[in-house]
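This report concerns only the one structure given below.
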Amino acid sequence: MKIGILTFHCAYNYGAVLQAFALQEYLQYIGNDVHIIDYRPKYLWNANKSFDWSVRALKSFIKKILIYQSNQRKERRFHEFWDNHLNLENIDLNIQSNSYDTFVFGSDQIWNATITGGKFDRIYFGDFEAARNRKLIVYAVSIGGYSLSPVDKSLIRDRLNNFEAISVREKKLQITLQEILHKTVDCVLDPSLLVDTFAFDSLISEPLIDKTYICIYEVTPDSRTVQIAKKLSEGMNGAKIIRIGNYLKNGGGCENIIDAGPIDFLNYIKYSACVVTTSFHGTAFSIIFKKPFFTLKVSNSSDSRITDLLGDLNLMNQYILDVNVNSITIPQIDYKNVEVLLDKRRNESRLFLDKIFSKEKC
C-alpha cells in the first residue's frame with residue numbers, strides 16, 4: 001500500500017521531525033510504501049526563517065543577529081536530516097489524481113489552531129482533492145493546550161466522519177472526540193515511542209561530549225531547570241551541564257548548544273547522565289534511552305501529553321510541580337518495570353495501525 005503522511009515535518013523542532021521519521025519507519029516496517037507529503041504551510045515555514053524583518057522588538061532582533069551563524073548550522077543539519085532520512089514527496093493537493101491509497105494525518109499538534117494560524121488547517125482534516133476517495137486515518141494527533149470551540153466541534157463532526165480510523169495522544173481529547181463523533185477513538189503513543197530504540201540508535205554515532213554531563217532541554221526557557229541541574233551536578237562530582245536551545249551566551253554554569261540538529265539532539269540525550277526538561281519529546285526520548293530525568297511543569301495547566309504518558313508508565317514521580325532544590329537527588333528509575341508498561345502501550349498502539357493495514361492485505 002502507498003501511504004502519504006501529513007504532519008509537521010518541516011519545522012525546526014526536534015520532536016516534530018523525529019516523530020515524523022518514526023511513523024514513517026514503522027509503517028515501512030509493516031510492509032508499506034511510505035512517503036511524507038512535503039506540505040509546508042506558511043505559518044510553519046515563515047516561522048522557520050532565520051531573519052524575520054517584521055520583528056519590532058529590538059532585543060529579539062539583536063538576538064537573531066548574534067545567533068545567526070549558529071542557527072544557520074542548525075538549519076543546515078535539519079535540511080540534511082530531511083534529505084537523508086525522510087521520504088519526502090511533493091504532490092498537488094488540489095488534483096484528485098495521484099498514486100496514494102491512504103493518507104495518514106499526524107502525529108504532532110496539527111489540530112492546535114494556535115499553531116496553524118489561528119484556525120484549523122483544512123489540509124490536516126483531509127479537506128483537499130488529492131484525498132478524495134482515499135482511505136483517511138488519524139494517528140496520535142494532539143491539540144496541545146488549545147480549547148475546542150463549538151465551531152471547531154462542528155467542523156470536526158463534519159470532517160472526521162469521512163475517516164476510517166481515528167486515534168489521538170491525549171485521553172481528554174479521546175473522550176471529547178467520542179462525544180462529538182459517537183464513534184470509537186483510540187488513545188495511542190506518540191510515534192517516537194511506537195518504534196524500537198534501534199530506529200534512533202542507528203542514527204547516532206559516538207558521543208559528542210567526552211565528559212559526564214547533564215542535559216537540559218526546554219522549548220520555553222525556565223530558570224528552574226538550571227537550578228535542578230546544578231543540584232544534580234553537585235551529586236555527580238561537578239558534572240558538566242549542557243543546555244540545548246537558542247540562548248545568547250554561556251552562563252550560570254551551563255554550556256549552551258545552539259546549533260544542534262535532530263541527530264545531535266538524540267546524541268546529547270542518549271549519552272547524558274541525566275536529563276532535565278520541560279518538553280514532551282524531551283521526556284519521551286529520556287524514556288526511550290532509559291535516562292534518569294525530571295520533567296518540570298511550566299504553566300498553570302498541566303500538559304496532558306506529558307501527564308498521560310508518565311501516568312501510563314508509573315513515572316509521575318519524575319514530574320515536578322514545585323521545585324524544592326535542596327530535596328533534588330539523582331533519580332533512580334526502575335526501567336524494567338517501565339519497559340513492561342511501555343511494551344503494553346506500544347503493542348496497543350501498533351495494533352491500531354496493524355488492524356487497519358491488515359484489512360487491505362486480506
Aspartates and glutamates whose Cα lies under 20 Å from that of Lys153, excluding same-chain neighbours fewer than 8 positions away: Asp108, Asp121, Asp127, Glu164, Glu170, Glu179, Asp186
Of Lys172/Lys297; Lys240/Lys344; Lys2/Lys290; Lys172/Lys344; Lys172/Lys291; Lys231/Lys270, those spanning more than 30 Å from alpha-carbon to alpha-carbon: Lys240/Lys344; Lys2/Lys290
Ranked Cys215, Cys187, Cys274, criterion: other C-beta atoms within 10 Å, fewest first: Cys187, Cys274, Cys215
Cα-based helix-to-principal-axis angle, 68-85 vs the chain, degrees rounded to 10: 40
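What relative contact order, as a whole-number percentage, does segment 230-362 give when Cα pairs under 8 Å and 6 or more residues apart are counted? Show your work: numbers first, answer last.
Values: 120 pairs, mean separation 24.0, N = 133.
It rounds to 18 percent for segment 230-362.
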Expected 222 nm ellipticity per residue - DSSP helices of 4 or more, -39500 (n - 2.57), all of the chain, to 500: -12000 deg cm²/dmol
Inter-site label distance for Ser147 and Val325 at 7 Å from Cα along Cβ, in nm: 3.5
Among beta bridges that DSSP assigns inside segment 202-331, antiparallel share in %, nearest 5: 5
Where N is the number of residues in segment 68-156, Cα Rg divided by 2.2 N^0.38 Å: 1.33
Rh (Kirkwood; distinct C-alpha pairs) - the chain, Å: 21.4
Rough spin-label spacing in nm, given labels placed 7 Å along Cα→Cβ, for Arg73 and Ser202: 2.9
Phi to ³J(HN,Hα) by Karplus 6.51 cos²θ - 1.76 cosθ + 1.60 over segment 158-170, Hz, x for Gly, Pro: 5, 7, 7, 5, 7, 8, 6, 8, 9, 9, 9, 8, 9
Ile36 long-range amide H proximity, modeled H, under 5 Å: Ile5, Asn87, Leu88, Glu89
Relative exposure of Val195, Val275, Val325, judged by other C-beta atoms within 10 Å (fewest first): Val325, Val195, Val275
For Cys187, residues with placed amide H under 5 Å, excluding near neighbours: Val168
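Within the chain, what percent of beta bridges assigned by DSSP are antiparallel, to the nearest 5? It would help to have the intermediate numbers written out before the result.
Values: 1 of 38 bridges.
Bridges in the chain that DSSP calls antiparallel: roughly 5 percent.
What is segment 202-331 by shape, rounded, prolate or oblate, if you read a ≥ b ≥ c off the alpha carbon gyration tensor as root eigenvalues and call it rounded for a/c under 1.5, prolate for a/b larger than b/c, and oblate otherwise? Let's see the in-between values first.
Numbers: a/c = 1.42, a/b = 1.19, b/c = 1.19.
It is rounded, given that a/c, with a ≥ b ≥ c, falls under 1.5.
Once you sort the root eigenvalues of the Cα gyration tensor of segment 62-109 as a ≥ b ≥ c, which label holds: rounded (a/c under 1.5), prolate (a/b larger than b/c) or oblate (the other case)?
Taking the square roots of the gyration eigenvalues as a ≥ b ≥ c, segment 62-109 is prolate.
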Length gained when the stretch Gln227-Ser299 is fully extended (0.36 nm per residue, less Cα-Cα span): 24.2 nm
Estimated vicinal HN-Hα couplings, Hz - segment 204-215 in sequence order (Karplus 6.51, -1.76, 1.60; Gly, Pro = x): 9, 9, 5, x, 7, 10, 9, 10, 5, 8, 9, 10
Whole-angstrom gap from segment 238-290 to segment 339-354, using each part's C-alpha centre: 27
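Normalised by the number of residues in the chain, what is the relative contact order in percent for Cα pairs under 8 Å and 6+ residues apart? Mind showing how you got there, number by number?
Numbers: 583 pairs, mean separation 58.0, N = 362.
Taking the mean separation of contacting Cα pairs over the length of the chain, I get 16 percent.
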In sequence order, calculated HN-Hα J values of segment 236-244 (Karplus, 6.51, -1.76, 1.60; Hz; x Gly/Pro): 10, 6, x, 4, 4, 10, 10, 9, 8
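Rounded, prolate or oblate: pick one for segment 174-256, where a ≥ b ≥ c are the square roots of the eigenvalues of its C-alpha gyration tensor, a/c under 1.5 means rounded, and failing that, prolate if a/b is larger than b/c, else oblate. It would help to have the intermediate numbers written out before the result.
Values: a/c = 3.02, a/b = 1.86, b/c = 1.62.
Prolate.
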Residues of segment 286-326 with amide N under 17 Å of the 7 Å Cα→Cβ point at Thr212: 291-293
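Can you give the local net charge around Ile320? Use residues other than it whose beta-carbon is closer than 10 angstrom to its beta-carbon, Lys and Arg +1, Asp and Glu -1.
Working: positive: Arg224, Lys297; negative: Asp322.
That works out to +1.
Relative contact order, percent, of segment 199-280 when contacts are C-alpha pairs under 8 Å separated by at least 6 residues? Don't skip to the answer; put the middle values down first.
On the way: 117 pairs, mean separation 35.3, N = 82.
The normalised contact order for segment 199-280 reaches 43 percent.
Only counting other Cβ atoms within 10 Å, I'd like Val185, Val298 sorted with the fewest neighbours first.
On the way: Val185 21, Val298 18.
Final ranking by Cβ density, sparse to dense: Val298, Val185.
No value in this document is a laboratory result; all are computed from the given coordinates. On a predicted model such as this, the values are computed, not experimentally measured, just so you know. For neighbour counting, all protein chains shown are included, and Cβ atoms are generated from backbone atoms with ideal geometry for every residue, glycine included.
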